[in-house]
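Notes to accompany the following structure.
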Amino acid sequence: LALLVASGMRAGPALRVDLCTQMLDPARPRMLPLRIGYPFDEAARIAGAANAPPRSVLLARPGSTMPRIDITGNAGAGTTGLTLAWNAGAATAGWIGDASGGNATRARQGQALLGNSGWLLWGSEALRFTRRPSAACPQAGELVLHHFQQGAAGGAALVQAFPAQGEPVQLRLAPGAWQVPLLPGPGMEDQALFEALRARGLLRLGRDGLVELAPRDLLAWHRAGQEARAPLPGWEDHHLDAGDRRLLERLHHRADGAFVREQVRIFNSERRLVAWRTRPGADTVWHALAGGAPAPRETGLPVAAMRLFARLPEGWEPWQRVGGWEGGRQGSLVTLNTPATGRPVELLVAGRVRGVSGAHVLAQ
């Protein structure tokens, strides 16, 4: 792993080079050398002596200590196609990039694969290279350069890690002492339980979009006689082994299982919403039935349901809603009923009204 920390440095404006303009023949993606950091007189002398016509040249300011940099190669060969070579004169420059296998190279004259991103550092300055796709040049993309110089101290540092394998990781860190553990932290217990339940089919996504959890009495249900079993749709053919039984115990009797059940309850409640409100002082009590049986009742709305309203309705009692979706309740039809009083009642409903019996309805 190679780690770069750019602290107290200021990035100059981005310079973009269309790599297609560096090709002598677009059908043959070998690049003409892209020269960076040369003084004008030296770049002009090289251009006059070269056999191939020059293209883009990024000149150094007079008196600059920037190394002379040449980028060459096959622009159509992906991350291994381009090579960066530098000459820092009497000084030393260092290269770190995503194609360097997690290693940094330091030399007065050096060479490295460009890859998709990298940094060339010398003295108190740096040049950042980023190669990315471009609609104007789909076969080769573009090269973006930022020149970093010393700036105001005290700002956040740019930290970029280049692992031996995989993509670079980048973040900004405020001034301070930061400790990086040698080993990755342990995974969250509830996350591991969730994955284990899903792998064994004890947690699944139903056809109705709700997450279904294996019932806590599934083991007792299997042990009971055929005549003593109540219907258990969807779980009749799920036979539990020792691993399943341990997971079921954790799901329904341990702290990490309680957390998983709560997250499933929140997930399902945001996908199935039947809720109602009455006017203050209303003497009607509404009962909810789901599947012909009394449905659990909760107060308030799920967070995701708040976007149903541009502004919260005023002049109503708190929301009541149907709960108990955490098990993947079968069916979505809920019946709300209240004893008839012979007087008009007002009800604010969140849900789709399928039908009304015993009253005439004026819906808004």
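Which of the residues belonging to the range 297-317 are within 30 Å of the chain's Cα centre (by Cα) and either among the aromatic types (Phe, Trp, Tyr) or assigned to a strand (DSSP E or B) (or both)?
Passing the criteria: only Phe309.
Just one of the numbered conditions (1) touching a residue at least 12 places away in the same chain (Cβ under 8 Å); (2) surrounded by 12 or more Cβ atoms within 10 Å (Cβ to Cβ); (3) over 40 Å from the mean Cα position of the chain (by Cα) is not true of Ile46; which one?
In the conditions (1) touching a residue at least 12 places away in the same chain (Cβ under 8 Å); (2) surrounded by 12 or more Cβ atoms within 10 Å (Cβ to Cβ); (3) over 40 Å from the mean Cα position of the chain (by Cα), Ile46 misses (1) alone.
Residues to consider are Arg229, Arg198; find the one that is basic (Lys, Arg) and closer than 24 Å to Ala255 by Cβ.
Arg198
Every residue, every condition in (1) part of a loop (DSSP other than H, G, I, E, B); (2) buried (at least 19 other Cβ atoms within 10 Å of the Cβ); (3) in contact with a Ser or Thr (Cβ under 6 Å, 6 or more places away or on another chain); (4) of a type in the set (Ser, Thr, Tyr), yes or no:
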{"position": "Asp70", "(1), (2), (3), (4)": "no, no, no, no"}
{"position": "Gly73", "(1), (2), (3), (4)": "no, no, yes, no"}
{"position": "Leu84", "(1), (2), (3), (4)": "no, yes, no, no"}
{"position": "Ala91", "(1), (2), (3), (4)": "yes, no, no, no"}
{"position": "Trp95", "(1), (2), (3), (4)": "no, yes, yes, no"}
{"position": "Ser100", "(1), (2), (3), (4)": "yes, no, no, yes"}
{"position": "Arg106", "(1), (2), (3), (4)": "no, no, yes, no"}
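Rundown of residues vs (1) in contact (Cβ under 8 Å) with a residue 40 or more places away in the chain; (2) open to solvent by 60 Å² or more (accessible area, probe 1.4 Å), yes/no style:
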residue: Ala177; (1), (2): no, yes
residue: Glu189; (1), (2): yes, yes
residue: Leu197; (1), (2): yes, no
residue: Leu205; (1), (2): no, yes
residue: Leu210; (1), (2): yes, no
residue: Leu219; (1), (2): no, no
residue: Arg229; (1), (2): no, yes
residue: Leu232; (1), (2): no, no
residue: Ala242; (1), (2): no, no
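Does the range 179-209 hold any residues that are of a type in the set (D, E, K, R) and either in contact with a Cys (Cβ under 6 Å, 6 or more places away or on another chain) or modelled with pLDDT of 85 or more (or both), and which are they?
Once the filter is applied, which keeps residues that are of a type in the set (D, E, K, R) and either in contact with a Cys (Cβ under 6 Å, 6 or more places away or on another chain) or modelled with pLDDT of 85 or more (or both), the range 179-209 yields Asp190, Glu195, Arg198, Arg200, Arg204.
I'd like to check something: does the range 171-178 contain any residue that is within 30 Å of Arg61 (Cα to Cα), modelled with pLDDT under 90, of a type outside the set (A, V, I, L, M) and in a strand (DSSP E or B)?
yes
Assess whether Thr299 counts as being buried (at least 16 other Cβ atoms within 10 Å of the Cβ), of a type in the set (Ser, Thr, Tyr) and over 28 Å from Arg207 (Cβ atoms).
No; evaluated as a whole, the condition is false for this residue.
Of the residues Val353, Val361, Val349, which single one is outside any loop (DSSP other than H, G, I, E, B) and either at pLDDT 85 or above or open to solvent by 70 Å² or more (accessible area, probe 1.4 Å) (or both)?
Unique residue meeting the criteria: Val349.
Considering only residues that are in contact with a strand residue (DSSP E or B) (Cβ under 8 Å, 6 or more places away or on another chain) and assigned to a loop (DSSP other than H, G, I, E, B), look in the range 286-296 and name the one that is least open to solvent (accessible area, probe 1.4 Å).
Ala295
Of the conditions (1) out of contact with any strand residue (DSSP E or B) (no Cβ under 8 Å at 6 or more places or on another chain); (2) assigned to a strand (DSSP E or B), His222 satisfies every one except a single condition; which number is it?
If we test His222 against (1) out of contact with any strand residue (DSSP E or B) (no Cβ under 8 Å at 6 or more places or on another chain); (2) assigned to a strand (DSSP E or B), just (2) comes out false.
Looking at Pro13, Pro39, Pro62, can you tell me which residue is of a type outside the set (D, E, K, R) and surrounded by 15 or more Cβ atoms within 10 Å (Cβ to Cβ)?
Pro39
Being within 36 Å of the chain's Cα centre (by Cα) and touching a residue at least 60 places away in the same chain (Cβ under 8 Å) is the requirement here; does Ala77 meet it?
no
From the list Trp319, Trp325, pick out the single residue that is open to solvent by less than 60 Å² (accessible area, probe 1.4 Å), at pLDDT 85 or above and outside the structural domain of Leu210 (by the TED database).
None of the others qualify; the one that does is Trp319.
Collect the residues in the range 250-285 that are assigned to a loop (DSSP other than H, G, I, E, B) and surrounded by fewer than 16 Cβ atoms within 10 Å (Cβ to Cβ), keeping them in residue-number order.
Passing the criteria: Arg254, Glu270, Arg271, Arg279, Pro280, Gly281, Asp283, Thr284, Val285.
The values are calculated or read from the model by the stated rules, or taken from the named source; none is laboratory data. These numbers come from a predicted model, not from an experiment. In this analysis, Cβ positions are derived from the backbone assuming ideal geometry, glycine residues included, and neighbour counts consider all displayed protein chains. Heads up: the accessible areas ignore ligands, DNA and RNA and are worked out on the full protein's heavy atoms, side chains in. Shrake-Rupley method; radii C 1.70, N 1.55, O 1.52, S 1.80 Å.
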